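J.: This is the structure I have questions about; it appears just below.
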Amino acid sequence: MSLYLKNAKYLDWQTFEISVGHLLVEEGVDGSVTSVPQIPAQSELKTDDRVIDCHDRLVTKSFGCGHHHIYSTLARGMPAPKKIPTNFQEILTYVWWTVDKCLDLEMVEASALASAL
């Protein structure tokens, strides 16, 4: 299946300029998003292809964040910090950097195994 985004306003991820045009979204492991000069005629589309008119819409890449700090699995049951953090800098200082200083190779391996369950 291919998805065509017609008349899409998007941030060109190569030039960082706002562009208006047509995008082709391909699914699968080798999927991609590419700019295309025109949308194929209806008779040229495959039966499962889809065209969406994005006029007056802003199209962006996903803002999903799938990352994970694997070693945080070691924080369960950790005693409370000496000072309760009130901002991000203090969270780093009193929680995560404290954990970082205690990690050794065996602990990192254990956290990777625990988070993979």
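No value in this document is a laboratory result; all are computed from the given coordinates. Note that this is a predicted model, so its numbers are computed, not measured. Positions of Cβ are backbone-derived with ideal geometry, glycine not excepted, and every protein chain shown enters the neighbour counts.
J.: From the phi angles alone, apply the Karplus equation (6.51, -1.76, 1.60; θ = phi - 60°) to the stretch 19-24 and give each ³J(HN,Hα) in whole Hz, x where the residue is Gly or Pro.
T.: My calculation for the stretch 19-24 gives 10, 10, x, 10, 10, 10 Hz in order.
J.: For the chain, what is the calculated [θ] at 222 nm in deg cm²/dmol (nearest 500), taking -39500 (n - 2.57) for each run of four or more DSSP H residues and dividing by its residue count?
T.: Per the formula, -4500 deg cm²/dmol.
J.: HN-Hα J couplings of the stretch 78-91 from phi, Karplus 6.51/-1.76/1.60, θ = phi - 60°, integer Hz, Gly and Pro as x?
T.: Listing the rounded values in order: 5, x, 4, x, 4, 10, 6, x, 10, 8, 4, 4, 5, 4 Hz.
J.: Continuing with the same structure: Once you put a point 7 Å from the Cα of E44 and another 7 Å from the Cα of V108, both along the Cβ direction, what distance in nm separates them?
T.: A separation of 5.2 nm, rounded to one decimal place.
J.: Can I ask one more? Counting other beta carbons within 10 Å of each residue's own, what order do I91, I84 fall into, fewest first?
T.: I84, I91
J.: What relative contact order, as a whole-number percentage, does the chain give when Cα pairs under 8 Å and 6 or more residues apart are counted?
T.: 24 percent
J.: Starting from the stretch 42-117, pick out the chymotrypsin sites (Phe, Trp or Tyr not before Pro) whose DSSP state is loop and whose Cβ has at most 16 other Cβ atoms within 10 Å.
T.: F63
J.: For V51 and V20, calculate 0.36 nm times their separation in residues minus their Cα-Cα distance, and state this gained length in nm to one decimal.
T.: So the chain would gain 9.6 nm between V51 and V20.
J.: Something else: Hey, got the dipole for the stretch 2-58? About the Cα centre, +1 on K and R Cβ, -1 on D and E Cβ, debye to the nearest 20?
T.: Roughly 180 debye, rounded to the nearest 20.
J.: If you average the alpha carbon positions of the stretch 69-110 and of the stretch 6-29, how far apart do those two centres end up, in angstrom?
T.: Here the two parts' Cα centres lie 40 Å apart.
J.: With viscosity set to 1.306 mPa s at 10 °C, what whole-number translational diffusion coefficient in µm²/s follows for the chain from Stokes-Einstein and a Kirkwood radius over Cα pairs?
T.: Answer, rounded: 85 µm²/s.
J.: Quick one: angle between helix 105-115 and the longest Cα principal axis of the chain, in degrees between 0 and 90, rounded to 10, please.
T.: The angle comes out near 50 degrees.
J.: Now a separate question. Of G64, P79, V25, which is farthest on the positive side of the dipole of the chain, counting Cα position, with +1 on Lys and Arg Cβ, -1 on Asp and Glu Cβ, and the Cα centre as origin?
T.: My answer, from the dipole projection, is P79.
J.: Ok, one more. Net charge around S19, counting only other residues with Cβ within less than 13 Å of its Cβ (Lys, Arg = +1; Asp, Glu = -1)?
T.: -1
J.: Going by the alpha-carbon gyration tensor, a ≥ b ≥ c the square roots of its eigenvalues, is the stretch 1-51 rounded (a/c under 1.5) or, if a/c is not under 1.5, prolate (a/b greater than b/c) versus oblate?
T.: It is oblate, given that a/c is not under 1.5 and a/b is not larger than b/c.
J.: List every residue whose amide H lies under 5 Å from the amide H of V36, counting only residues 5 or more places away in sequence or on a different chain, with H placed 1.01 Å from N in the peptide plane.
T.: H22, L23, L24
J.: Next up: Mind listing the long-range amide H neighbours of V51? Cut-off is under 5 Å, sequence gap 5 or more, other chains count too, H placed in the peptide plane at 1.01 Å from N.
T.: Excluding prolines and chain starts, which carry no amide H, the hits are Y4.
J.: When the Karplus curve 6.51 cos²θ - 1.76 cosθ + 1.60 is applied with θ = phi - 60°, which whole-Hz ³J(HN,Hα) does each residue of the stretch 47-54 get, with x for Gly and Pro?
T.: Each residue of the stretch 47-54 in turn: 4, 9, 6, 9, 10, 10, 7, 9 Hz.
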